[in-house]
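This report refers to the structure that appears directly beneath it.
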Amino acid sequence: MNIAVAQTSLAAPGAAAPRPQVRIVIVGHVDHGKSTLVGRLLHETGSLPEGKLEMLQAVSARRGMPFEWSFLLDALQTERDQGITIDTTQIRFRTPSRDVVLIDAPGHAEFLRNMITGAAQADGAVLIIDAKEGVRDQTRRHGYLLHLLGVKQVAVVVNKMDRVGYDEARFKEISDEISAHLAGLGVTPTAIIPVSARDGDGVAARTAHIGWYDGPTVVEAIDTLTPARPLDELALRLPVQLITKFDDRRIVAGRVESGAIGAGDEIVIMPAGKIAKVKSVEGWPHTPLATRQGAGRSVGIRLDRELFLERGDVIAHVKAAPRDTSRLRARIFWLHDAPLKPGASVVVRLGTMESRAAIVAIDKAVDPGELESVAAAEIGRNHVGEIDIALARPVAADAYADNPRTGRLVLELNGRIAGGGLVLSVDAGQRAIPVDIVPVDSALRPDERAARHGHGGAVVWLTGLPGSGKSTIARALERRLFARGGAPLLLDGDTLRAGLNGDLGFAPKDRAENIRRLAEVATHLARNGHIAIVAAVSPARDDRARARRIADGLFHEIHVATPAQVCEQRDPKGHYAKARAGALPGFTGIANDYQPPERAELTIDTAARTVTDAADDVIRHLADASVLHSEPADLAANI
């Protein structure tokens with residue numbers, strides 16, 4: 001719901017200098033008086049359309065009900081019926097030195113998604129607190145969300161001071177509590193203001209009721225907020241939305257999110273790094289456009305050469321390009337009913353780009369209402385945390401601190417928006433390389449190998465009890481992929497222990513190192529276009545999680561979940577019998593020390609599936625995950 005409010009200037013007539021615009025979100029617990037404060041602000045700044053106030057007062061009188069300032073915003077019947085704000089309303093008005101876009105965000109817990117949408121657009125915030133009720137969990141949660149979304153300028157309004165008799169001690173108590181909470185988030189309030197929005201105290205004037213207060217009014221506090229750096233001054237970011245043809249012209253279309261673009265500019269298409277010059281900038285109804293086009297303009301561009309682009313690519317100037325990365329660290333707010341856990345598969349949206357991704361690690365999980373870290377290292381509904389994300393393909397990205405327009409992301413789970421937040425850094429979690437070591441890249445590009453083999457690189461990690469069928473499936477899968485022209489390579493745990501890992505024993509530290517080496521070798525192969533098929537018991541979740549971090553988005557965990565009694569009945573290598581006889585004291589399977597995956601990409605029980613069926617399951621998974629670029633004509637013929 002967008003309310004266009006008539007703007008009455010309070011500035012001196014004839015002022016020619018452009019006025020700064022600030023976007024402010026107003027948030028707070030339900031019933032703490034946000035709508036009342038907004039109505040008062042419109043009245044006090046002379047921003048209401050002529051006759052609007054009198055009309056609403058007359059309507060209230062006819063209905064036999066007292067007039068409320070909040071009626072000014074009650075444009076939706078659902079709000080009148082339920083008494084809660086469910087949408088994000090944008091109201092424009094003017095103060096003596098600012099053009100203000102005020103975003104009234106919902107305070108009810110069920111509508112936090114809408115609140116995030118509103119706050120994500122804001123330069124600053126007004127956080128409102130009921131003087132009688134004080135700081136509530138929802139107040140703390142809103143404060144944390146402002147921090148999460150990068151809003152550093154926060155003015156706090158302690159409303160309904162009339163309900164506590166304008167008591168200075170009560171105001172100081174709330175002021176101290178909310179100051180400590182915000183300070184813990186790295187935010188210093190620009191002002192904390194005692195207000196009675198209903199009666200007008202502290203909104204635009206310091207009245208006798210708050211004579212003990214000598215700080216700014218709400219209007220004065222808004223006037224001190226600093227507008228964001230103009231988007232035109234940031235580096236060029238033009239996410240590609242579509243590529244189309246008009247007549248003989250090939251047009252790359254998108255919206256300029258920041259910076260500006262014009263004919264003759266040398267640009268780079270990320271993440272591929274392809275360079276071209278802008279031949280012309282197209283518009284409608286007049287084209288080509290002679291002037292440079294800045295942030296907020298939707299344009300089409302023609303390049304001086306034919307290049308392959310796709311939706312989600314980002315166009316930038318050569319000397320100020322975004323990073324290309326397959327790894328991000330983000331601070332997110334999680335909205336899904338099921339908690340977010342390491343290993344979860346999600347879809348990440350960055351601008352017009354979307355990519356499958358895996359959650360590699362979770363850190364600093366917090367309930368914003370309690371500000372207590374969650375030891376379980378998962379992010380529950382309406383909770384916040386920092387995550388490392390491994391993307392299935394490289395993307396172009398900026399940290400939010402460098403460019404807020406391209407530094408926000410959304411997470412989708414099962415076709416539903418499940419969370420969102422800020423990109424803190426790119427290449428998150430990448431291991432540091434000593435300065436005297438210079439890795440040498442392959443002479444062949446991944447896309448060249450993919451064109452030859454019909455698939456991308458992957459680490460297919462089969463884990464399960466001894467005798468579960470890992471090696472048997474791995475060999476069948478290797479044969480299947482090879483028959484279709486692929487480049488698979490089997491890395492069997494026992495085989496590598498006979499050579500590369502022959503110096504390792506079976507203590508927990510040695511087992512962890514065994515898995516690390518397996519993961520390093522497999523990842524090197526996968527990054528060079530192979531499908532590395534690892535068959536290893538790998539009993540510890542932490543060791544497998546480390547392998548996932550090493551392989552990033554290339555990692556596919558296959559749990560061969562054959563029951564223990566079936567594995568022991570098979571006992572293909574005689575290990576169970578030796579373990580029962582005491583000859584193998586550290587043997588996994590007897591001591592119940594195998595930790596099954598909590599969220600594997602695929603689970604197979606070979607007690608119920610044939611080897612052929614199991615290999616088919618893995619093939620289908622790799623096809624669904626876009627590792628395989630084309631399906632074999634006849635799976636049965638490739639056995």
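Below are the figures for this structure:
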quantity: Total residues in region 326-349, condition of a type outside the set (A, V, I, L, M, F, W, C) and surrounded by fewer than 19 Cβ atoms within 10 Å (Cβ to Cβ); calculated: 5
quantity: Cross-chain or 6+ apart pairs with Cβ under 6 Å, region 147-170 first and farther than 14 Å from residue 206 by Cα, then aromatic (Phe, Trp, Tyr) and part of a strand (DSSP E or B); calculated: 148/333
quantity: Test: residue in region 206-226 that is in a strand (DSSP E or B), touching a residue at least 60 places away in the same chain (Cβ under 8 Å) and in contact with a Gly (Cβ under 8 Å, 6 or more places away or on another chain); calculated: no
quantity: Those residues of region 350-361 which are in a strand (DSSP E or B) and surrounded by fewer than 22 Cβ atoms within 10 Å (Cβ to Cβ), in sequence order; calculated: 354, 355, 356, 361
quantity: Residues being touching an Asp or Glu at 6+ places or on another chain (Cβ under 8 Å) and closer than 19 Å to residue 256 by Cα - total across region 404-424; calculated: 3
quantity: Selection count, region 621-639, where residues are at pLDDT 80 or above and out of contact with any helix residue (DSSP H, G or I) (no Cβ under 9 Å at 6 or more places or on another chain); calculated: 5
quantity: All positions within region 298-316 that are under 20 Å from residue 426 (Cβ atoms) and either buried (at least 21 other Cβ atoms within 10 Å of the Cβ) or not assigned by TED's automatic domain parsing to the domain that holds residue 285 (or both); calculated: 313, 314, 315, 316
quantity: For residue 344: the one exception among (1) closer than 28 Å to residue 249 by Cβ; (2) modelled with pLDDT of 85 or more; calculated: (1)
quantity: Qualifying residue in region 497-505 (condition: under 26 Å from residue 562 (Cβ atoms), touching a helix residue (DSSP H, G or I) at 6+ places or on another chain (Cβ under 9 Å) and modelled with pLDDT of 90 or more); calculated: no
quantity: Residues of region 553-586 classified as in a loop (DSSP other than H, G, I, E, B), over 20 Å from residue 534 (Cβ atoms) and of a type outside the set (Gly, Ala, Ser), total; calculated: 4
quantity: Filter result for the condition that a residue is β-branched (Val, Ile, Thr), assigned to a loop (DSSP other than H, G, I, E, B) and either surrounded by fewer than 20 Cβ atoms within 10 Å (Cβ to Cβ) or at pLDDT below 90 (or both), over 590, 550; calculated: 590
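The values are calculated or read from the model by the stated rules, or taken from the named source; none is laboratory data. Please read these numbers as outputs of a predicted model, since none were measured by experiment. With ideal geometry, Cβ positions are generated from the backbone for all residues, glycine too; neighbour counts draw on all protein chains shown.
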